[in-house]
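For reference, the structure discussed in these notes is given below.
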Amino acid sequence: LLATGKVSVDSPQLIAQTARLEAWFANLPPALVQQPIAPGGPLPLAPFPSPLADRAGPAPSPQQFKVVGDLIQMRIVLRGKQAELDELIIRGTARIDETRTPEPGQEPIHIAGDSLTLRGGSTPDAKIEVAGHPAELGGRGISFIGGVVNMHRGENRAWIDGPGEATLPIPEGDSLAAIPLAGASAPVREP
């Protein structure tokens, strides 16, 4: 999909504004469910898709994000009626703001910089790299500002490549001496 000009996307979970949108779609079969094998029964030749795979997916996320950039490139994986963001690249005034949080009262996620790259989408191996002058990543009580800010979801870690500034909550009863700050890396709680 290629859209140029004054491009706007408006969906329940995503609002986007850009001068150029490039999207690639990978159509994969719905998630497969392994059928149980009865003792002494025949072995199935292959896993069978669940008869409800297209009808009863997980409830949609209450989160909503606004994505802005001069160029937005995305790869979306379609599994039946479920769509998952696999890769996102934003160039030129890259910005992602959470406009609706999963729970009321949460501090929204804010990411901004000159460029942003997300690989691995909603998987545990999701990685975000934001570069800019400055690059910013924050929300849920933390913030990182530097030339390049990274986050790895599966490792539950965010860090700044080079000089920067990090704001982290101190758990009740702890002191600054109890928080490891070596390497400008800190664990983050997953939203």
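Identify all residues within region 148-164 that are touching an Asp or Glu at 6+ places or on another chain (Cβ under 7 Å) and surrounded by fewer than 17 Cβ atoms within 10 Å (Cβ to Cβ); write none if there are none.
154, 156
Would region 81-103 turn up any residue that is closer than 30 Å to residue 30 by Cβ, free of Cβ contacts under 8 Å to residues at least 60 places away in the same chain, out of contact with any Cys (no Cβ under 8 Å at 6 or more places or on another chain) and of a type in the set (Gly, Ala, Ser)?
Yes, the conditions are met somewhere in region 81-103.
Quick test of your reading of the structure: residue 132 fulfils all but one of (1) over 15 Å from residue 91 (Cα atoms); (2) outside any loop (DSSP other than H, G, I, E, B). Name the failing condition by number.
(1)
Using beta carbons and a limit of 8 Å, which pairs, at least six apart or on different chains, have the first residue in region 165-180 and open to solvent by 80 Å² or more (accessible area, probe 1.4 Å) and the second one modelled with pLDDT of 70 or more and of a type in the set (A, V, I, L, M, F, W, C)?
Close Cβ pairs (under 8 Å, with a partner that is modelled with pLDDT of 70 or more and of a type in the set (A, V, I, L, M, F, W, C)) amount to 165/144; 165/145; 176/170.
Just a yes or no: is a residue in region 136-152 touching a Phe, Trp or Tyr at 6+ places or on another chain (Cβ under 6 Å) and at pLDDT 90 or above?
Keep residues of region 136-152 that are touching a Phe, Trp or Tyr at 6+ places or on another chain (Cβ under 6 Å), which gives 137, 150.
Still in the running and at pLDDT 90 or above: 137, 150.
Among the residues of region 136-152, at least one is touching a Phe, Trp or Tyr at 6+ places or on another chain (Cβ under 6 Å) and at pLDDT 90 or above, which makes the answer yes.
Residue 179 - would you say it is at pLDDT below 90 and of a type outside the set (Phe, Trp, Tyr)? Talk me through it step by step, then tell me what you get.
On the way: at pLDDT below 90: yes; of a type outside the set (Phe, Trp, Tyr): yes.
Considered against the rule, which asks whether it is at pLDDT below 90 and of a type outside the set (Phe, Trp, Tyr), residue 179 comes out as yes.
Need the failing condition index for residue 114 against (1) more than 29 Å from residue 30 (Cβ to Cβ); (2) of a type outside the set (Lys, Arg); (3) open to solvent by 60 Å² or more (accessible area, probe 1.4 Å); (4) modelled with pLDDT under 95, just the number.
(4)
The values are calculated or read from the model by the stated rules, or taken from the named source; none is laboratory data. Since the structure is predicted, the reported quantities are computational estimates derived from the model, not experimental observations. Cβ coordinates were reconstructed from backbone atoms using ideal geometry, including for glycine residues, and neighbour counts include every protein chain displayed. Keep in mind that these areas ignore ligands, DNA and RNA; they rest on the heavy atoms of the full protein, side chains included. Shrake-Rupley method; radii C 1.70, N 1.55, O 1.52, S 1.80 Å.
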